[in-house]
Amino acid sequence: MSTHSVSAARTARLVGTLAPGRPAYRALADALRLAIADGRIAAGTRLPSERELTASLDVSRTTVTRAYAVLRDTGYLTSRRGSGSVASLPSGSRVRAAGSLFPADPGEGVIDLTCAATRAPAGVVEAYERAVTQLPEHLAGAGYLTLGIPDLREVIADRYTQRGLPTSPDDVLVTSGAVAGIGIVLRALLHHGDRVVVESPTYPNTIDALRRSGARLTPLAIDPDGWDATESARTIRAAGASLAVLIPDFHNPTGALMSDDARAMLARALTTSATIPVIDETIVEVDLDDADPMPLPFAAHDPRAICVGSASKSHWGGLRTGWIRAPKGTLPALVEARVTTDLGAPVLEQLVLLELMRAHPGLSPQRRDDLRTSRGALADALRTHLPKIGFRMPRGGLSLWCELPPHVDATTVAVAAEDADLLVAAGPRFAVVGGLDRWIRLPFVLPPEVMVDAVARLAGALECARAPRASGRVAAPATTRPDARGRRRPLVA
Ligand SMILES: Cc1ncc(COP(=O)(O)O)c(C=O)c1O
């Protein structure tokens with residue numbers, strides 16, 4: 001049974017202007033298919049009735065009826081008694097319906113570039129071995145460390161102090177990763193219906209988490225080269241939101257780094273409007289060029305900021321360990337919110353992270369070199385083979401945020417790429433209110449030769465996406481193959 005519906009007005013906005021030169025019902029079916037395929041209309045969502053959609057679009061009832069029929073035939077719509085027409089994904093499609101990113105289980109030969117995360121760095125096995133020798137001293141206790149292992153809290157606090165933000169271990173709560181950390185903050189501070197400012201584009205799981213918390217979202221537009229500080233401050237002041245969730249350090253997906261001046265300006269706007277900043281610092285350590293000193297942590301500009309950190313990008317996602325650094329007096333409320341879903345991070349993984357951070361509090365030199373090499377290989381291959389794709393070379397982070405040539409739709413490319421066994425995330429996944437149809441995110445997290453192969457596959461996908469659709473038939477999803485076990489797989493990590 002469908003639980004969500006999409007209004008006719010929003011559906012009309014998502015459809016936009018129908019492409020000319022082809023039958024209107026085909027153009028409408030294509031536009032709806034793309035919205036369903038990239039998750040802007042999630043599978044399971046009830047679409048407006050034919051009558052409602054006809055009234056919202058400047059088309060005839062027959063156009064809508066025929067478009068819905070095409071979607072039904074191609075598996076993008078099912079009719080359910082009592083629920084009307086419900087969005088669905090054709091079986092065998094690996095295109096995900098929901099917004100969040102999580103690792104796919106790609107088959108052999110598939111290059112998965114949906115995941116902006118790396119394999120474990122060298123030294124992790126040794127760190128586990130050393131951690132096991134530390135374990136006995138914790139075995140006498142219950143192992144429920146809601147705040148985290150004291151030594152780890154201290155190493156994390158020291159890292160903030162090194163970065164220019166004096167921090168005591170008492171300000172730190174160890175979590176099961178940054179997504180879990182953001183969940184704790186939202187449970188502690190957000191009420192259903194509260195307004196939250198969030199960058200667009202941004203990390204899709206944060207958009208999902210906010211929506212599920214009942215937040216009303218105000219997008220803060222971020223350009224490929226970063227924040228327009230004046231405009232961002234205006235947005236913050238106009239929104240009068242409870243929280244603002246920001247990624248100032250190698251923003252995902254653009255890779256942008258917010259300057260100290262912009263941090264100061266945003267901090268003033270946040271303070272004026274009594275909006276608490278929630279700063280996602282998951283990627284802060286992935287500074288690949290370290291030419292200039294890093295800007296100060298956002299909390300140095302706004303002491304009310306709650307910082308959410310993670311070992312996932314600096315060390316390894318498999319540790320499932322992160323932290324929250326909060327202003328004095330805030331931690332008890334966060335702990336209370338935490339224990340409703342999670343009583344603490346695993347002891348062994350905390351000990352492993354302690355070992356790893358003592359060796360390198362941030363990225364190891366080897367990991368930095370590997371990422372730089374892969375970033376260079378991806379950028380060179382794009383410049384050589386796909387010169388019409390635009391991107392800025394970010395100083396850090398894990399991805400290139402790529403602008404496709406005019407009139408090429410990112411979701412169409414993503415679907416065509418899937419047929420070339422390349423999984424990529426299309427721009428709309430990162431959008432708070434739709435759009436970003438000409439952008440794709442390409443993480444440079446795989447070895448250089450794989451990045452070059454990925455660009456070759458992407459070039460093929462772009463050709464397919466550009467080719468005229470002679471019959472008006474939607475080519476890519478119809479040829480999408482199920483995986484070896486016939487399951488539908490998630491597209492994005
Ligand atoms: C901005 C951002 N926040 C959070 C996460 C997830 O962090 P964790 O693995 O620590 O839950 C990611 C991972 O891609 C990310 O890019």
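The values are calculated or read from the model by the stated rules, or taken from the named source; none is laboratory data. Computed from a predicted structure; not experimentally measured. Here Cβ is always computed from backbone atoms with ideal geometry, including for glycine, and neighbour counts include all displayed protein chains. Ligands, DNA and RNA are stripped out before the accessible areas are found, and what is left, the full protein with its side chains, is counted by its heavy atoms. Shrake-Rupley method; radii C 1.70, N 1.55, O 1.52, S 1.80 Å.
If R0 is taken as 56 Å, the Cβ-Cβ distance between Leu135 and Asp289 corresponds to a FRET efficiency of 0.90. Using every Cα-Cα pair within the chain, state what percent have a distance larger than 44 Å. Of the Cα pairs, 15 percent sit more than 44 Å apart. Mean separation of Cα pairs under 8 Å and 6 or more residues apart, divided by the residue count, gives the range 124-359 a relative contact order of 29 percent. Karplus-based coupling profile of the range 147-153, in residue order and whole Hz: 9, x, 5, x, 5, 5, 4, with θ = phi - 60° in 6.51 cos²θ - 1.76 cosθ + 1.60 and x standing for Gly or Pro.
In this structure, the amide hydrogen of Ser310, modeled 1.01 Å from its nitrogen in the peptide plane, lies closer than 5 angstrom to those of Trp323, counting only residues at least 5 positions away or on a different chain.
Less than 5 angstrom separates the built amide H of Leu220 from those of Val198, Glu199, Ser200, all sequence-distant by 5 or more or on a different chain.
Entry for the range 124-359 at q = 0.08, 0.13, 0.16 Å⁻¹: log10 I(q)/I(0) = -0.28, -0.75, -1.12, Debye formula applied to identical alpha-carbon scatterers, no solvent contribution. Rolling a 1.4 Å probe across the protein heavy atoms gives the chain an accessible surface of 41 Å² per residue. From its DSSP helices (H runs of at least four residues, each -39,500 (n - 2.57)), the chain gives a residue-normalised ellipticity at 222 nm of -12000 deg cm²/dmol.
One equal scatterer on each Cα of the range 4-87, no solvent, Debye formula: the resulting log10 I(q)/I(0) at q = 0.13, 0.16, 0.18 Å⁻¹ is -0.33, -0.51, -0.65. Computed over the chain, relative contact order equals 20 percent, with contacts defined as Cα pairs under 8 Å that lie 6+ residues apart. Taking all protein chains as present, what is the carbon and sulfur share of the accessible area of the range 4-87, in % to the nearest whole number, probe 1.4 Å? Taking all protein chains in place, the range 4-87 shows 49 percent carbon and sulfur surface. The Rg/Rh ratio of the range 348-413, with Rg taken over Cα atoms and Rh as the Kirkwood radius over Cα pairs, comes to 1.18. Across every direction, the projection of the convex hull enclosing the Cα atoms of the range 164-264 has a mean area of 7.0 nm².
Helix 178-189 axis versus longest C-alpha principal axis of the chain: approximately 90°, rounded to the nearest ten.
Among the trypsin sites (Lys or Arg not before Pro) within the range 327-411, those in coil by DSSP and having at most 15 neighbouring Cβ atoms inside 10 Å are Lys328, Lys388.
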